[in-house]
1. It is to be established whether one or more residues within the stretch 232-242 are without any contact (Cβ under 8 Å) to a residue 60 or more places away in the chain and either open to solvent by less than 20 Å² (accessible area, probe 1.4 Å) or farther than 30 Å from SER139 by Cα (or both).
2. Identify, please: which residue in the stretch 163-186 is surrounded by fewer than 17 Cβ atoms within 10 Å (Cβ to Cβ) and of a type outside the set (D, E, K, R) and is, among those, farthest from the chain's Cα centre (by Cα)?
3. Scan the stretch 210-253 residue by residue and report those that are among the β-branched types (Val, Ile, Thr) and closer than 18 Å to ARG191 by Cβ.
4. May I ask you to verify whether LYS184 is at pLDDT 95 or above, out of contact with any strand residue (DSSP E or B) (no Cβ under 6 Å at 6 or more places or on another chain), part of a helix (DSSP H, G or I) and charged (D, E, K, R)?
5. Collect the residues in the stretch 193-220 that are assigned to a strand (DSSP E or B), closer than 18 Å to SER128 by Cβ and not β-branched (Val, Ile, Thr), keeping them in residue-number order.
6. Within the stretch 189-231, take every residue that is out of contact with any strand residue (DSSP E or B) (no Cβ under 8 Å at 6 or more places or on another chain) and under 13 Å from VAL127 (Cβ atoms) and give me the one that is least open to solvent (accessible area, probe 1.4 Å).
7. Taking the options SER13, SER51, name whichever one is open to solvent by less than 30 Å² (accessible area, probe 1.4 Å) and in a loop (DSSP other than H, G, I, E, B).
Amino acid sequence: MEEARYLYCIADSKEKTSLGKIGIENNEVYTIPYKDLCAVVHNSSTEPYKSEDNEVVKGWVKTHEEVVEAAWKRFAAVLPLGFDTIIKGEEKKTPEESMRDWLKEDYENLRQKMEKVRGKAEYGVQVSWDPRVIAQKLSEVSSKIRKLQEEMESKPKGTAYLYKQKLEKALKEEMTKEADECFKDFYEKIRKCVADLRVEKTKKEKDRQMLMNLSCLVDKDRVKVLGDELEKINNLDGFFVRFTGPWPPYSFV
């Protein structure tokens, strides 16, 4: 079997050590240092991990993430690599020599990335609202909607139906406008609390509408500041905040 090295992450350490048999398929995970960085790896074949069984693949991916997290807790700062990153030997080089060569060639880039994430963690922030609560509030404060409601009440049944359609359209427009304004307002407040952030795709929810889904890179001493700001949003009538983490900085490397 041709040998290779399965790469989990790059760690902010020059330590040569073993993390134990915590890798995929119980492989021993250890470090390959170069200067003040090290690669966290296990010995593998050159073939990627493949299976027709989705549960098996999910288990491998979960183990990959657990190893990255263990390295993160051990070394404080890591640059996570994606599942199935495999470094092979080249010509007369062993896989370990190829790994060191890669660390050497990409050293400055890796150091810059490490500087960015050192002392920080990734958190997820999702803000949703209850459309029924927000629609009721907008119906009470929007002069345009109030006017349509009053006109509808004074019209005969046939005409009232047309007004109902107008009312629904107007409310939809107000909801869209309100969602846009809330996103801008919340984004700006959250941005001031974090080192970096990324806007992710919103997800469907049963009884709520997700307005924003963010990945945030947060300094350890700023987590409470962010939490306090999110609590203010969560306390608004009809709004809900989901705040998750901390994790290694997957979204920022």
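1. No, the conditions are met nowhere in the stretch 232-242.
2. First, pick out the residues of the stretch 163-186 that are surrounded by fewer than 17 Cβ atoms within 10 Å (Cβ to Cβ): 164-166, 168-169, 172-173, 175-177, 179-181, 183-185.
Subsequent filtering for residues that are of a type outside the set (D, E, K, R) retains 165, 175-176, 179, 183.
Numbers: GLN165: 39, MET175: 27, THR176: 25, ALA179: 21, PHE183: 17 Å.
Filtering the stretch 163-186 for residues that are surrounded by fewer than 17 Cβ atoms within 10 Å (Cβ to Cβ) and of a type outside the set (D, E, K, R), the one farthest from the chain's Cα centre (by Cα) comes out as GLN165.
3. Of all residues in the stretch 210-253, those among the β-branched types (Val, Ile, Thr) come to 218, 223, 225, 233, 241, 244, 253.
Within the stretch 210-253, VAL218, VAL223, VAL225, ILE233, VAL241 qualify.
4. When the stated conditions are applied, LYS184 passes them.
5. LEU197, LYS204, GLN209, MET210, LEU211, MET212, ASN213, LEU214, SER215, CYS216
6. The initial filter retains those residues of the stretch 189-231 that are out of contact with any strand residue (DSSP E or B) (no Cβ under 8 Å at 6 or more places or on another chain), namely 189, 192, 206-207, 221-222, 224-225, 228-229.
From what is left, the residues that are under 13 Å from VAL127 (Cβ atoms) are 189, 229.
Details: LYS189: 81, GLU229: 37 Å².
The qualifying residue least open to solvent (accessible area, probe 1.4 Å) is GLU229.
7. On the way: SER51 fails: open to solvent by less than 30 Å² (accessible area, probe 1.4 Å).
Sole residue among the options that is open to solvent by less than 30 Å² (accessible area, probe 1.4 Å) and in a loop (DSSP other than H, G, I, E, B): SER13.
The values are calculated or read from the model by the stated rules, or taken from the named source; none is laboratory data. A quick note: this is a predicted structure, and the numbers were derived from the prediction, not measured. Cβ: placed from backbone, ideal geometry, glycine included. Neighbour counts: every protein chain shown. Each accessible area value is taken on the protein alone, full model and side chains, heavy atoms only, with ligands, DNA and RNA left out. Shrake-Rupley method; radii C 1.70, N 1.55, O 1.52, S 1.80 Å.
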